[in-house]
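To start, the structure itself, in structure tokens.
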């Protein structure tokens, strides 16, 4: 018995080893750690569809990037960190150019390895806010904007730019009880101290995402002036339905970008009128970018998206598209710098540092209405794109603010401390000293 | 002194100060209690008739709800989808009896328990393969369940009661009454109870074990569908329910493994107590989320005093 | 024929009680150890270490701990995941408070913390039995995970609420943290597992082990023949939780590298329980066989569609995998309810008398 298992094991591994190179070397391997199953699939799937479809579109329309086709392989994790280890090792052995961990738990495991394995980590719109410090986190990128940036912009949004007007107010922070949900806490605590508002963190456990009656009873009792939501997956829909039930005023309910998810709001429709979210992207289905995706991928039947449910027009799907746009920009920049279309991990890292999505480039892509311009550099791995407040009008989201900008004076010192702490905890930690300030 | 005050005085003062809020808390607790009781009822039925600790009851709830929603998505009208789902649950009961239970007759409890965990995994995989792994929305309106809410304004505040929660409670009560009548009055029900009392004696008077098992699992399937509709209407249909179903365990422990009444009382008690504890003690003093463990700790304390549970039969051991 | 016992005479009871009454068993074990210590390190890739070898060993160790409690002493536990968590958090605190501490010493010490917690939650077992006892361990499971989340001191008040493993060295080689090579981690895990297994075999064969078995088979009868139930049950909780705690520390420090509280949830407990039951309750070998089946097989199945170039999405592979594992559990329980270890024992019997039928 024992020997049988061992041989099966060895056979499986050998076979897996052979299968990998058989795919051929003439592709750019940009795999994604997806989760189309599990409690987080509700928000995960449309993003992953978007990411995949843009890469498919590049393959179909331009034959890839710089003439090399893209292999956007998915490795299913189900948001499970154990599958994350397995996927990471598998993709690494296949020569992945980039890691897209998608879950904060997996990010935690992979981030310290980036310096050793030297594979860039690309966490668009998620990951650690401190990753903006490119000197410390040489291999990690979280464009276009970080959670701390997001929290800062939300506070500006709800106070109409005058943070001191929040003095004496009570702000509830409804978050997933998970590293991701806790991420903005240090910033919010710091802001509460300077601006004199009371911060009330309300955690939602993973098993309670769909039944938040205890949390909303607490909100009903405490009567906070604002509820800021940092949710994901099934949690957002649960919170929105509970908010309607508790008769919490929607104008005081604001979410981070993941809460800008039309299917969650369609559940309650009109009743959620006034609900706002901070979003770094905006739906523009008529843009050249989206129309290209539509012609080359969706209409050609090469997409997994759910057309009946109108997934194409959702903020989440189009956000996924933009995530891949940024990555494709980085690949292009890397190819230009390296002078060869077949880049390696180090060259892609350089490429990510040289992403420059300015107004002109966004217009060229046909995405000028979809996101704000930004650029990354050696020391700035986030880019700090500005974002809009968008509001649910009963059937769709509309922009209700100008572009908001995060308050660097508050965030940067926090980033510096957090990055330094991280480097100390993970000694010996390699800093990137090549960065000019 | 400060801490004693916040534990023993302040919570009660809060309750009195805002009685409308307290009523709302109790109501919310009752509604989750109904769900716990329903899941526990499915457990008890199977345990009574076959001594199997059916871990799969939770996933049967998800599976039934998924089938219902999945059929509707594929164009079956809602009211036809319900009987069709019941047919599916019937075949599931037959399959479980044939494939899992029959070959495992007379095995130790823990092996049967594990087998139901195997069934759980299989059903999760099957459900995801057929219907996809993402969350679904229960077809509440299509089933004719009212979705509005009533607001009462006692004590100068307000208590908001969802009509679908009321439907759930009424439905659950009707289901329980029907079940009790079936168990106590019908021939089949008496056979089930006889089997629960003494396997061999029941067999010797001509009660067919395999028929009864299929029927019992099917009834659990019906309860699962009812639970699935109730809970799905409240919180959507997803595999996360599997973990919530574990709450049925402390309910059972509290009520006693064999007692139908115990399952109902235990479910409602735990639903209300955990909510009240969370709101008045957990959130202000312990940082919240105490609902995750409160039910288990309570059951543990009760068991230390009464090892057979509140309604369980006294255990007599002989060497 | 292959397993010929003829000619191996035993002239004393000592010889009959020896660890390997049959010479071939010792050869087989030696062969496996050679494969584990020499052949794998020469051939394995990072993927094989981190996705197969290390997890199989760690899960087998956790199952071994559980098996002592459930398989030998007959006390059902559904709280293994949380006890692993106690070991992991204890190890994290030890390493951050005393950075000079050798990592092996820290791991060995952290076992005592989980053992203490295990005994505390084992106390109800003196009054509550069977499935009713499972509730006590479930209470431990949910309460401890909640505590890991709420008690900031445990994770040094990290903003993320998660613990991160620092780089630590042993004899000049980095063994934990991101800079450690997979091979060095594998050797540490393998050595710990071998040592613990050796002790576990001997404890379960000895006086304490026999007391546990007596309690398992019928506790009242055991009490009547003069066994102190309290001592027997609590010592089982102690030893079991100690091993589980060590497994938990290894789990985070030599494999995952980081952990948040949810890692130790009920699913982990069930996973370990599967391994113990599929492998065979009341068996040491079974834990390894069970871990191969439950941990390694899904990884291997996951690579199959890609191997044959089947156009199945990776999500679908996961769904099918869950289904297959569920079916396998039912299948194995039907074929051999006493687990893979019994299956091996039967094959061994057959080999001993082969080619004769009786």
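All of the numbers you see were taken from the coordinates with simple rules; none came from a lab. The structure displayed is predicted, hence computed values, not measured ones. Virtual Cβ from ideal backbone geometry, glycine too; neighbours counted across all protein chains shown.
Averaged over the residues of A:198-206, the number of partner chain Cβ atoms lying within 10 Å of the residue Cβ comes to 3. Output the 0 to 90 degree angle, nearest 10, between the alpha-carbon long axis of helix B:209-235 and the longest principal axis computed from the alpha carbons of chain B. Long axis of B:209-235 versus the principal axis of chain B: about 30 degrees. Largest GNM mean-square fluctuation across C:22, C:95, C:175, computed for chain C with C-alpha springs under 10 Å, falls on C:22. Per-residue Cβ neighbour counts within 10 Å put C:146, B:27, A:232 in the sequence B:27, C:146, A:232, beginning with the fewest. Peptide C:306-318 shows a mean partner chain C-beta count of 6 within 10 Å per residue C-beta. Computed over chain C with a Gaussian network model linking Cα atoms closer than 10 Å, the most mobile of C:337, C:55, C:311 is C:311. Ordered by the number of other Cβ atoms lying within 10 Å of each residue's own Cβ, fewest first, A:177, A:433 fall into the sequence A:433, A:177. Under a Gaussian network description of chain B, with springs only between Cα atoms under 10 Å, the residue in B:26, B:216, B:170 that fluctuates furthest is B:170. Annotation: the residues C:300, B:177, A:321, sorted from fewest to most other C-beta atoms within 10 Å of their own C-beta, follow the order B:177, C:300, A:321.
Taking every DSSP beta bridge that has both ends in the protein assembly as shown, the antiparallel portion is near 45%. Each part reduced to its alpha carbon centroid, the stretch A:302-375 and the stretch A:231-281 end up 28 Å apart.
Based on DSSP H segments of at least four residues, each scored -39500 (n - 2.57), chain C has a per-residue ellipticity at 222 nm of -20500 deg cm²/dmol. Round to the nearest 10 and give me the degree value, 0 to 90, for the angle of helix B:78-95's Cα axis relative to the longest principal axis of chain B. Helix B:78-95 and the main axis of chain B meet at about 60 degrees. Using Cα atoms only, what is the angle between the long axis of helix A:185-195 and the major principal axis of chain A, expressed in degrees (0 to 90) to the nearest 10? Value to nearest ten degrees: 30. Size descriptors for the stretch C:44-353: radius of gyration and Dmax over Cα atoms are 19.6, 64 Å. Label sites at residue B:178 and residue A:408, each approximated as a point 7 angstrom past Cα along Cα to Cβ, lie 6.7 nm apart. Based on the Kirkwood approach, the hydrodynamic radius assigned to the protein assembly as shown is 30.7 Å, with every pair of different Cα atoms included. Spatially, the stretch C:196-235 and the stretch B:53-101 are offset by 45 Å when compared through their Cα centroids.
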